[in-house]
Amino acid sequence: MRADVKMIEIEPTSKCERNSKMFGGAYRCGRRWGGLAVMLSAMLLAGCGTRYDYPKSQPGWHSPHYHTLFGSLQIVGQQTLAIEYAPADGPDPYHGELIITPQAAMTGFSTGEMVLLHGEVIQTGTGPKYYVKSARLWLGVGRPTYLTR
């Protein structure tokens, strides 16, 4: 570069030009990205999925043929997990609680957690038990988790 030539830096005039200069030219000017960002934010806030609301006064519920149970996990006897899904004094033939089988299906779940179970009631020599085909942890936010076991 010649010694007699001076470089003159022109100050940016618009906010967009200033931001572009601050971020090394990586800042994009224009409004088309703003609309997309607003739309994506609205979709994330709205969520997707069905909202499930259950009365807090009851421990849970069951489908007509007990293919689906919603309730809290409880320990019964010697470290045996059961699901409490209805009041014990109600008209339920199982008194609102069923022992879960196989116990390995509930690995990773803890006592007191609300769960949504899919399966069926089976009769065994020791009484009725609930055979679990799938289980979902309930987070208490109106939607089940997508993690199933």
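The values are calculated or read from the model by the stated rules, or taken from the named source; none is laboratory data. Everything numeric here is computed off the predicted structure, so don't read it as measured data. Here the Cβ is made from the backbone with ideal geometry for all residues, glycine too, and neighbour counts use every protein chain on show.
Within the range 72-82, restricting attention to residues that are of a type in the set (S, T, N, Q) and over 15 Å from Val115 (Cβ atoms), which residue is modelled with the highest pLDDT? Only one residue tops the list, namely Thr80.
Of all residues in the range 62-76, none that is on the phi > 0 side of the Ramachandran plot and assigned to a loop (DSSP other than H, G, I, E, B) has its Cβ atom under 9 Å from the Cβ atom of a residue that is among the polar types (S, T, N, Q) and surrounded by 16 or more Cβ atoms within 10 Å (Cβ to Cβ), 6 or more apart or on another chain. The one condition from (1) modelled with pLDDT under 90; (2) surrounded by 10 or more Cβ atoms within 10 Å (Cβ to Cβ) that Leu69 does not meet is (1).
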